[in-house]
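Coordinate-derived values only; no laboratory data. These figures come from a predicted structure and were not determined experimentally. Here Cβ is always computed from backbone atoms with ideal geometry, including for glycine, and neighbour counts include all displayed protein chains.
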Ligand SMILES: Nc1ncnc2c1ncn2[C@@H]1O[C@H](COP(=O)(O)OP(=O)(O)O)[C@@H](O)[C@H]1O
Ligand SMILES: CC(=O)N[C@@H](CCC(=O)OP(=O)(O)O)C(=O)O
């Protein structure tokens, strides 16, 4: 039986921070066919607000060290300000969006990250039991477009901060059992680039061997490393297609034009 198509799209902090880019992206997102889920970050806004409030923002390997004060800030920024603005804009485009944390509807239940060398504080890790795909499927089939922020819960009343790239990948893996699922990471560059300063230098396809090589040559570094790790996890777990590209170019997908960097699983 042919499965219905589902696009899970993640947008990061730099897209959210630019209202023109965000507007354009949300319009293109609305025109995609089939079921859709949006996952948003907002790390940049959270860092700015933390600093305004006199809190030091600390990230270790791309993950925010989240003490109780920082948890309050990220809950307000991700679950409130950003999430509700995105939902209101999608509603304007006729997209019946519903804004969610992982606590709403028990959609994403995580476990507080154990303290090893670093105490990340209130950070939640996703495992194979975190997401019930049938639960999310009911929302999609009722006609809603879920918009997830980077806040989850532990089922014991505690909210936790969870990286948005990881949420997008875990949702895609879970929902790939029910839908023909495409995962798209949208950010401010044209894709994974050979030269980070040259937007023309898009690497059109990456497999694990090339990824390993590009890491060693330090062509891929910083935030792109956890993004690609999440992306390869998804492609290895039944997600049909995983791409990374510029939010402004999302319309290319509908027009079947080249878009960003595609992951492949050839060994
Ligand atoms: N080869 C590369 N091509 C594109 N971006 C790269 C590359 N290597 C590192 N990066 C960095 O990765 C960043 C994207 O990761 P991140 O900031 O976590 O994204 P997001 O905006 O989705 O949160 C880019 O802004 C860029 O600075
Ligand atoms: C635990 C952890 O690191 N959470 C992330 C969640 C937001 C996010 O992922 O935002 P971007 O996609 O904009 O980077 C953070 O607070 O930065």
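Over the chain, what relative contact order in percent results from Cα pairs under 8 Å that are six or more residues apart?
Result for the chain is 22 percent.
With a ≥ b ≥ c the root eigenvalues of the C-alpha gyration tensor of the chain, is it rounded (a/c under 1.5), prolate (a/b larger than b/c) or oblate?
Working: a/c = 1.31, a/b = 1.11, b/c = 1.18.
Rounded, since a/c falls under 1.5.
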Fill in: Gaussian network model of the chain, springs between alpha carbon atoms under 10 Å - residue of 116, 215, 129 with greatest fluctuation
116
Worksheet item: How do 185, 78, 120, 211 line up, fewest other C-beta atoms within 10 Å first?
Response: 211, 120, 78, 185
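Quick check: residue separation of residue 197 and residue 60 times 0.36 nm, minus the Cα distance between them. What number comes out in nm? Don't jump to the answer; show the numbers that get you there.
On the way: separation 137, 0.36 × 137 = 49.32 nm, distance 2.47 nm.
Net length gain for the segment: 46.8 nm.
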Fill in: Calculated [θ] (222 nm, deg cm²/dmol) that DSSP helices of n ≥ 4 give over the chain, each run adding -39,500 (n - 2.57)
-9500 deg cm²/dmol
Item to complete: Compare 232, 122, 93 in a GNM of the chain, Cα atoms joined below 10 Å, and give the one with the largest fluctuation.
Response: 93
Item to complete: Provide, in order from the shortest bin, the percent of all Cα-Cα pairs of segment 152-267 in each 10 Å bin, continuing until the bin that contains the maximum pair distance.
Response: 13, 43, 32, 10, 2
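Take 167, 244 and order them by how many other Cβ atoms sit within 10 Å, fewest up front. Walk me through the numbers on the way to the answer.
Details: 167 30, 244 26.
Fewest to most other Cβ atoms nearby, the residues stand as 244, 167.
Relative contact order for segment 128-267: what percent, with Cα pairs under 8 Å and sequence separation of 6 or more?
Numbers: 192 pairs, mean separation 38.1, N = 140.
So the answer I get is 27 percent.
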Response to the item:
So for segment 1-157, using the alpha carbon gyration tensor with a ≥ b ≥ c as root eigenvalues (a/c under 1.5 gives rounded; past that, a/b versus b/c decides prolate or oblate), I'd call it oblate
